[in-house]
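The values are calculated or read from the model by the stated rules, or taken from the named source; none is laboratory data. It should be emphasised that the depicted structure is a prediction, and the values quoted were computed from it without experimental measurement. A quick note on method: Cβ atoms are made from the backbone with ideal geometry, for glycine too, and the neighbour counts reach across all protein chains shown. Side chains are part of the model used for accessible areas, which takes the heavy atoms of the whole protein and leaves out ligands, DNA and RNA. Shrake-Rupley method; radii C 1.70, N 1.55, O 1.52, S 1.80 Å.
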Amino acid sequence: MNEPEVQKMAQSCGISPLIARYYIKKHKSCYYAEKEFKNDAKLIGQILNTFQKYVDQDNEIFGLKFDRLFTDMTIQNDHYMQLYFTKKCRVQRVLRFSQDEFLSGMLKLRCSSVADFRKILQNIKVKLEKPQKLKKIYTYFFSVFSEGKINISFTAALGMWDALLSGRFPTSNIFIEFCNSLTQDFRIQSRVSLDVWIQVWRFNEEIGYNLQLFNEDGNQNISIRRCLAYTYM
């Protein structure tokens with residue numbers, strides 16, 4: 001990414017670097033990026049009008065307004081679709097959209113409204129059937145949920161594994177049941193790093209489709225313990 005061009009466009013057009021970065025990434029040069037930005041004036045206005053329908057007193061989409069947005073998008077029960085949209089928006093905080101983040105995501109999807117999003121929803125779901133797409137979203141969510149910290153609590157991670165992995169792989173439910181069976185002290189005091197977070201996906205991905213990779217004596221817990229070996233208290 002050409003950051004000097006990003007800063008140049010942001011200053012020239014009076015927009016945030018996040019929005020300028022979207023256009024510079026497409027066109028490389030400031031000249032063509034600014035040209036498309038001006039052509040998108042109508043679309044941008046429509047997106048901002050949509051944002052205002054859900055905004056709170058702090059000029060963010062948060063709390064009940066956040067829930068309402070996902071309900072209107074018809075993705076309130078689809079965790080991966082929610083994460084897909086938040087990834088498009090490049091959100092920096094959990095369950096919260098700033099105006100620029102929302103604008104950025106909707107521009108990338110070329111949607112002016114929630115109704116537009118619903119029209120492309122099925123096509124997005126087809127894309128998300130690819131394991132690599134899901135893995136990227138799963139990995140991205142850690143960075144958002146941790147909010148810049150190097151780790152998260154084991155109990156928080158377990159709740160997210162339950163939401164994101166349950167039923168996803170043949171071993172997912174076995175893995176989650178095992179984690180729930182660990183002692184309360186372990187679950188409360190342990191921390192999960194990004195490396196462990198990714199390792200959990202790999203474990204379910206690699207063993208999930210080949211149950212023979214479980215320990216030869218049939219003790220599944222040994223394999224899971226190895227997966228969690230770097231979880232620490």
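Computed values, structure above
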quantity: Condition check for S104: at pLDDT 95 or above and outside any helix (DSSP H, G or I); calculated: no
quantity: Boolean, K108 is open to solvent by 40 Å² or more (accessible area, probe 1.4 Å) and without any contact (Cβ under 8 Å) to a residue 60 or more places away in the chain; calculated: no
quantity: Residue selected from the range 69-90 under the condition loosely packed, with under 15 Cβ neighbours inside 10 Å and of a type outside the set (V, I, T), by the criterion nearest to A10 (Cα to Cα); calculated: Q76
quantity: Out of G148, G167, sole residue that is of a type outside the set (A, V, I, L, M, F, W, C), closer than 29 Å to A33 by Cβ and without any contact (Cβ under 8 Å) to a residue 40 or more places away in the chain; calculated: G148
quantity: Positions within the range 1-42 being in a loop (DSSP other than H, G, I, E, B), aliphatic (A, V, I, L, M) and touching a Lys or Arg at 6+ places or on another chain (Cβ under 9 Å), in sequence order; calculated: M1
quantity: Filter result for the condition that a residue is open to solvent by less than 60 Å² (accessible area, probe 1.4 Å), modelled with pLDDT of 75 or more and over 23 Å from S146 (Cα atoms), over F178, F214; calculated: F178
quantity: Failed item, numbered, when N151 is tested on (1) more than 25 Å from E177 (Cα to Cα); (2) touching a Lys or Arg at 6+ places or on another chain (Cβ under 8 Å); calculated: (1)
